[in-house]
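See structure below.
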Amino acid sequence: MNVTFESLISKLSEPSNIQSLNGITRGIERECLRVNTAGDLSQNDHPAAFGSALSHQHITTDYSESLLEFITPVSDSAATAQQQLSDIHRHVAKNMDGELFWPSSMPCQVNDENDIPLAKYGTSNTGKMKHTYRIGLKHRYGSSMQIISGLHYNVSLPMELWQKLYDIKGETGELQDFISHSYMGLIRNFYRFGWLVPYLFGASPALNRSFLPAEKQKSFSSLGEHTIYMPHATSLRMSDMGYTNNAQDDLVICHNTLDQYTNSLKKAIKTKAPEFSDIGIKVNGEYRQLNDNVLQIENELYAPIRPKRVAKSSEKPSEALAARGIEYIEIRSLDVNPFTATGITTAQMSVLDSLLVWMALQPSAPMTADEMAVCRDNSTKVVMEGRKPGLTLMLDDKPQALTDVASHILAEVQQVAQLLDGAQLATNTAASNFSDAVSAQQVLINTPEALLSGQVLAAMKEQGLEHNDFILNLANKYKKELIATDYEHWDEVYFNQMQRDSVAQQQQIEADDTVDFDAFLADYFSNTKK
């Protein structure tokens with residue numbers, strides 16, 4: 001049954017329903033490079049003080065040995081999530097001997113891709129597979145694009161809210177099927193309107209010149225000798241200048257139903273890519289990639305949002321989704337906010353929570369391939385020139401001013417924010433000030449120079465600093481602040497125990513291996529369900 005956004009807001013505002021909006025949970029994954037005091041990429045191994053990158057709950061690595069990833073537990077409080085993320089940063093800062101973490105999405109100066117060390121995870125088959133996957137990424141796309149840092153925001157809407165929406169809409173099927181169907185609708189709406197995230201929170205309008213070959217720098221402006229930028233860009237991290245994959249360009253991932261999504265994803269993992277076949281899989285006894293398919297594994301799919309379900313041991317992401325439905329969504333289009341040590345503020349979380357609930361409450365028709373192409377064009381325009389005066393996007397088959405559409409969306413998101421504030425008041429929950437957070441962004445719609453991306457450019461120009469020096473100053477500032485302050489949620493004893501536990505767990509994983517790596521891979525991929 002189709003129910004309008006206005007009627008859902010009215011129904012959910014009723015005293016018997018409003019409490020269902022309490023309990024949004026989120027988990028954060030924040031990436032950042034390790035650099036030395038000169039701002040050069042660290043060549044050192046993952047510090048032993050952090051424990052095992054393979055099995056630590058909170059501190060691991062992504063593509064590079066120098067690319068840290070911090071992971072918070074799931075929390076129903078944005079304030080708690082912020083404290084936990086801050087403590088992880090604090091522990092890292094206190095245990096980085098002569099190094100700093102890089103508080104920007106765009107990397108430090110790297111003149112040679114061979115200076116980017118690939119992440120290592122030990123001698124277990126699982127560890128070797130993770131390392132081999134990264135070797136494949138290097139051969140397929142090069143290393144530079146893989147050290148761009150982002151922040152992934154994982155969100156699950158409350159089960160009580162899904163139950164209320166199920167009842168209001170008069171659904172009769174399985175609740176989990178309704179939840180998965182609704183999350184897929186949210187995902188389609190994110191493709192339609194998710195450009196608002198890099199518009200508001202994009203923070204990568206500039207980069208070090210070493211990141212791009214000279215022939216790709218012609219459309220950029222220069223700021224000093226080593227910095228290039230686009231005057232109206234919001235998030236160059238999300239542009240196609242780095243994350244290009246010709247094999248994925250023709251890949252059709254359908255988001256209309258969960259079955260269609262998982263089936264199209266599985267197909268991509270089984271479809272050969274001629275350009276990757278030329279690389280070879282195992283050459284002279286050394287693996288160059290896990291396979292020569294369009295995707296080596298499902299995580300290779302580049303997408304601004306993903307449906308997720310916690311997988312069981314040895315279960316692939318698509319198998320978990322197909323078996324038990326969508327549990328949460330992962331937002332992948334957030335830049336690191338360089339003006340805060342943790343890369344994200346609680347106010348940003350409140351805006352994201354409100355926006356995602358708005359997307360869940362909006363109608364969401366099935367999406368055609370043509371509409372998806374338009375959505376991607378809109379996103380490209382926003383990340384490349386989002387602050388350009390008079391910029392228009394194609395919406396409802398006609399060009400519309402970005403600022404007009406953004407203002408309309410945030411006016412409705414404000415209604416959601418007010419409900420979320422009301423839900424907290426109704427249950428005496430510690431307030432997250434959703435309305436205030438959204439209001440602050442509404443003010444910025446017509447003052448784009450005050451957006452994060454505008455602030456980054458303005459600060460560099462005012463301080464007379466190029467990208468590397470500007471970010472290096474922030475890196476030093478945050479390390480000093482974090483070292484000088486006490487833990488907020490955990491303590492040093494907790495992190496020391498995590499370190500010991502992770503090392504012991506990796507050792508156990510390595511001791512439990514009973515087959516060689518070739519057999520392990522053969523079994524892993526043969527078990528991919530049709």
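The values are calculated or read from the model by the stated rules, or taken from the named source; none is laboratory data. Because the structure is predicted, anything quoted here is derived from the model rather than measured. When we count neighbours, we look across all protein chains shown, and the Cβ atoms used for this are built from the backbone with ideal geometry, even at glycine. Accessible surface areas use protein heavy atoms only, side chains included; no ligands, DNA or RNA. Shrake-Rupley method; radii C 1.70, N 1.55, O 1.52, S 1.80 Å.
In table form, for the structure just shown:
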{"quantity": "For the chain: relative contact order, % (alpha-carbon pairs under 8 angstrom, 6 or more apart)", "calculated": "24"}
{"quantity": "Fraction in percent of alpha-carbon pairs per bin - 5 Å, segment 40-170", "calculated": "2, 9, 16, 18, 17, 13, 8, 5, 5, 4, 2, 1, 0"}
{"quantity": "Loop trypsin sites (Lys or Arg not before Pro), segment 192-290, which have at most 15 other Cβ atoms in a 10 Å radius of their Cβ (DSSP)", "calculated": "Lys218"}
{"quantity": "Under 21 Å, Cα to Cα: Lys pairs in segment 11-159, sequence gap 8 or more or different chains", "calculated": "5"}
{"quantity": "For segment 190-216 and segment 93-130, distance of Cα centres in Å", "calculated": "22"}
{"quantity": "Helix-only mean residue ellipticity at 222 nm for the chain, each DSSP H run of n ≥ 4 adding -39500 (n - 2.57), per residue, nearest 500", "calculated": "-14000 deg cm²/dmol"}
{"quantity": "For Thr61, residues with placed amide H under 5 Å, excluding near neighbours", "calculated": "Glu69"}
{"quantity": "Percentage, to the nearest whole number, of Cα pairs in segment 292-361 over 19 Å apart", "calculated": "51"}
{"quantity": "Lys pairs under 29 Å by Cα in segment 377-528, provided they are eight or more residues apart or on distinct chains", "calculated": "7"}
{"quantity": "Segment 149-245: relative contact order in percent, alpha carbon pairs under 8 Å with at least 6 residues between", "calculated": "22"}
{"quantity": "Dipole-positive endmost among Phe5, Leu54, Tyr153 within the chain (Cβ charges, Cα centre)", "calculated": "Phe5"}
{"quantity": "Pairwise FRET efficiency - Lys218 versus Asp76, Cβ, R0 = 60 Å, nearest 0.05", "calculated": "0.80"}
{"quantity": "Rg/Rh ratio calculated on Cα atoms of the chain (Kirkwood radius)", "calculated": "0.94"}
{"quantity": "Accessible carbon and sulfur surface of the chain relative to its total accessible area, %, 1.4 Å", "calculated": "49"}
{"quantity": "J(HN,Hα) series, segment 206-218, from Karplus relation 6.51 cos²θ - 1.76 cosθ + 1.60, nearest Hz, glycine and proline x", "calculated": "9, 7, 6, 4, 5, 6, 10, x, 4, 5, 9, 9, 5"}
{"quantity": "Exposure of Ser13 as accessible area (Å², to 10), given a probe of 1.4 Å and all protein chains", "calculated": "60"}
{"quantity": "Approximate spin-label separation Leu175-Tyr524, in nm, with each point projected 7 Å along Cα-to-Cβ", "calculated": "3.6"}
{"quantity": "Solvent-accessible heavy-atom area per residue, rounded to whole Å², over segment 400-451 at 1.4 Å", "calculated": "44"}
{"quantity": "Scaled radius of gyration (Cα, divided by 2.2 N^0.38 Å) that segment 408-505 gives", "calculated": "1.63"}
{"quantity": "Residue-normalised accessible area of segment 250-334, expressed per residue, 1.4 Å probe, Å²", "calculated": "44"}
